[in-house]
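Chemist: Below is the structure I would like to discuss, written out as C-alpha cells.
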Amino acid sequence: MICANCGKEVRDNAKFCTFCGTPMAPAAEPAQLVELTPAPAPASEPAQPVEPTPAPASTAEPEPTPAAEPEPTPTAEPAPASTAEPTPAPTAQPTPTPAPAAQPVPMQPAGAVPPAADGRKKKSHVGLIILLVVIALLILLLAGGGLFAFWLWNRPINKINRAMEAGDMERVVELYGELSGRRDKEAVSEELLAYAREISNDYLEEKNGMDYETVMETLDMLDDASLETASQIEAVTIFVNRINASREAYAAAEDYRADGAYELALEEYAKVVMEDTRYYDKAQKAMKETEQEMQDAMAEAGKKLIGTWEMQYDVADLLRDELDPEFGDFESTLVMTFLMDFNEDGTFKLYVDESTFVENFNGWLDEFVAYGVGLLYEMFEEEDGMTREEVDEYLQEYLQMTMDEFMRGLIDSELDVDAMVAEMKLTGTYETEYDNLYLDALDEGQYFVFSISGDELTLDIPDGEDEDDYDILFSYPITFHRH
C-alpha cells in the first residue's frame, strides 16, 4: 500500500503511515480509467462553458465507487474564411469564461488526499501533530514519573529502610522523628526493637564482638527516641544490665578465688544469674570447687595455727584509765608482749610475757611517778600557797615520807598490777571452721575471723558484731607473729 501523502510504501491494512502519520484507507480495487475524446461542436453555436458533472459522493462501503465520467466540452469550429470585406463582429455579450477541458485523472483510492492543482502533492500536518503530541505526552509522563520516583525515594520510611540496610541505626533514629504516619512509626519501632533484641542476644552469647558498652550506647539512643516500643526497649535494657552485673560478679569471684579469699569468691559466684546462660553453669561448678578448696585450705590453716604466737601491744591507755582522772593528761607508753599458744589437743592459752612486762612496767612507773610528783607540787602551791620545800617538810613531819614515796604509795592503792596481769591470762579450747576461729573460755565463747599469711596471724571481729561485746583490752583487728 502506498501512502498518498509521502509516497512511501507501508504494510497492508495499516491505519496510519509509519513515516508521516497520515491516516490510510483500506485497500481498494483499482478504478477503471476511460479516456474521453471530445466531440466536435456545431459551427453555428458559440462555445458554451459546460460545468463538469460532479462525481457522486463515495459511500462508506469498502468497495470503491468509480468516478463519474466528465462530459465533453464542445469547442467552436472556426468560421470559414471569407473573401468579402470583413464584417465587424457583433458586440460580444459577456459570457462566463469557459473552464478548461477536464483531463482524465487516475482514480484515487478512497480516503486518499488528491494532489494539489499545481501538480505537487499537498503536505499533511496531521502526522506531525500526532507525533508532537505523543512526544509531549512521553515527556510529561517521564517528568511525572521522575517526580513520583523522586518522591518515593525521599520518603522518610524509605530513607529509614536504606539506613537499616546499611546498619546506620543513628540515622534511623534521626529519621524516625520525621515520620508522621502511625503505621510507619509502629513498623519502624518494631524493627528497632528486633535490632535491640538481636544485639542484646549477641552480648549474651558473646558473638560478633558485642560488648556491654556498645549495647548500652545503642539502647540509650533508642530509649531517647521515644519509640512506640519504649517499654520493650526498657525491658531489654534491664536484661542487659542484669547480665552485665552477673558477668562482673563472675569475674570478681575468679579473682577472689585466685587470691584464696574463698568466702568472698562464693558470695560473688552466687550472684551469677540463671539468665546468664554462658556463665551460670560455670559459676555453679566453681562454687562446689571453691567450697572444697576452702575446706582444704582451712584444714591446712588449722594445722598452721598450731604453735606459739606473740604480739606487742601498748596498754598505757588502759592503765591510765584505771588511775584518778586528774592524771588523764599523762602521755607515755607501756608495751607488753602477749603470747598465745594453740595446741594440737584443741586448747589455747593467752598470757603476758612476765619477764618483759616487769621491765617495761617499771620504766613506765618511773615516768608516771615523776609526772605525779610535779602535779602534786603544783596543786599544793595553787591551793595552799606552799613551796616545794614547805611541802617536803610537811610530808616528813606528818607522813614520814618523801613526795616520791607518797606518789608510789598512791599508785599502789589505785592499781593492782598482779591482778591486772592475771586478767590478761586466758585459757580454753578452740575450733576452726573455714576462716572462723571459735574460742571457748570462762564458760563463754566468742567467734573470730582469722587468717594466716606467712608468719602473721590476724584476728578480727565478724561483720555485724558489736566490738563492745568483745574483750576491751584490745582494739581489733590484732596481729600476732609466730614466736
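None of the figures in this text is laboratory data; all of them are computed from the coordinates on show. As the structure is a computational prediction, the values presented were derived from the model and not from experiment. With ideal geometry, Cβ positions are generated from the backbone for all residues, glycine too; neighbour counts draw on all protein chains shown.
Chemist: For an R0 of 56 angstrom, estimate the FRET efficiency from the Cβ-Cβ distance between residue 289 and residue 168 and round to the nearest 0.05.
Modeler: For residue 289 and residue 168, the calculated efficiency is 0.75.
Chemist: Give the average over all directions of the projected area of the C-alpha convex hull of the stretch 306-482, one decimal, in nm².
Modeler: That works out to 12.8 nm², a quarter of the Cα hull's surface.
Chemist: A further question follows. When a footprinting reagent is the concern and you count Cβ atoms within 10 Å, what order do 17, 6 take, fewest first?
Modeler: 6, 17
Chemist: No solvent, one uniform scatterer per C-alpha: report log10 I(q)/I(0) for the stretch 183-257 via the Debye equation at q = 0.12, 0.28 1/Å, two decimals.
Modeler: Calculated log10 I(q)/I(0) at the listed q: -0.36, -1.27.
Chemist: For the stretch 345-423, what class follows from the C-alpha gyration tensor (a ≥ b ≥ c being the square roots of its eigenvalues): rounded when a/c is under 1.5, otherwise prolate if a/b is larger than b/c, else oblate?
Modeler: prolate
Chemist: R0 = 41 Å: FRET efficiency of residue 433 with residue 331, Cβ-based, nearest 0.05?
Modeler: Computed FRET efficiency for residue 433 and residue 331: 0.45.
Chemist: Only counting other Cβ atoms within 10 Å, I'd like 126, 352 sorted with the fewest neighbours first.
Modeler: Ascending number of Cβ neighbours within 10 Å: 126, 352.
Chemist: Subtracting the Cα-Cα distance from 0.36 nm times the residue separation, let me have the gained length for residue 205 to residue 379 in nm, one decimal.
Modeler: 54.4 nm
Chemist: Looking at the square roots a ≥ b ≥ c of the eigenvalues of the Cα gyration tensor of the stretch 250-303, which shape do they give, rounded for a/c under 1.5, prolate if a/b is larger than b/c, or oblate?
Modeler: Prolate, because a/c is 1.5 or more and a/b exceeds b/c.
Chemist: Taking the simple approach of a point 7 Å from Cα along Cα-to-Cβ for both residue 474 and residue 414, what is their distance in nm?
Modeler: The two pseudo-label positions are separated by 2.8 nm.
Chemist: Ratio to report: Rg/Rh of the stretch 252-345, with Cα atoms as the point set and Rh obtained by the Kirkwood method; give two decimals.
Modeler: 1.32
Chemist: Testing the spin-label approximation: label points 7 Å from Cα along Cα→Cβ at residue 282 and residue 423. State their distance in nm.
Modeler: The answer from the label model is 5.6 nm.
Chemist: Provide the gained length on full extension for the span residue 226 to residue 460, in nm with one decimal, where the gain is 0.36 nm per separating residue minus the Cα-Cα distance.
Modeler: So the extension gain works out to 78.9 nm.
Chemist: Ok, one more. On a full-extension model of 0.36 nm per residue, what is the gain between residue 8 and residue 242, subtracting their alpha-carbon distance, rounded to one decimal in nm?
Modeler: Computed gain between residue 8 and residue 242 is 75.6 nm.
Chemist: Can I ask one more? Describe numerically, in nm with one decimal, the distance between label points set 7 Å from Cα along Cα→Cβ at residue 355 and at residue 130.
Modeler: According to this spin-label approximation, the distance is 13.6 nm.
Chemist: For the stretch 166-215, build the convex hull from the C-alpha positions and give me its volume per residue in Å³.
Modeler: Hull volume normalised by residue count: 76 Å³.
Chemist: How high is the FRET efficiency between residue 158 and residue 235 when r is their beta carbon distance and R₀ equals 51 Å, given to the nearest 0.05?
Modeler: So the FRET efficiency works out to roughly 0.95.
Chemist: For 466, 366, 224, what's the fewest-to-most ordering of other Cβ within 10 Å of each Cβ?
Modeler: 466, 224, 366
Chemist: Which value, in debye to the nearest 20, gives the size of the charge dipole of the stretch 359-411 about its Cα centre, when Lys and Arg are +1 and Asp and Glu are -1 at the Cβ?
Modeler: 240
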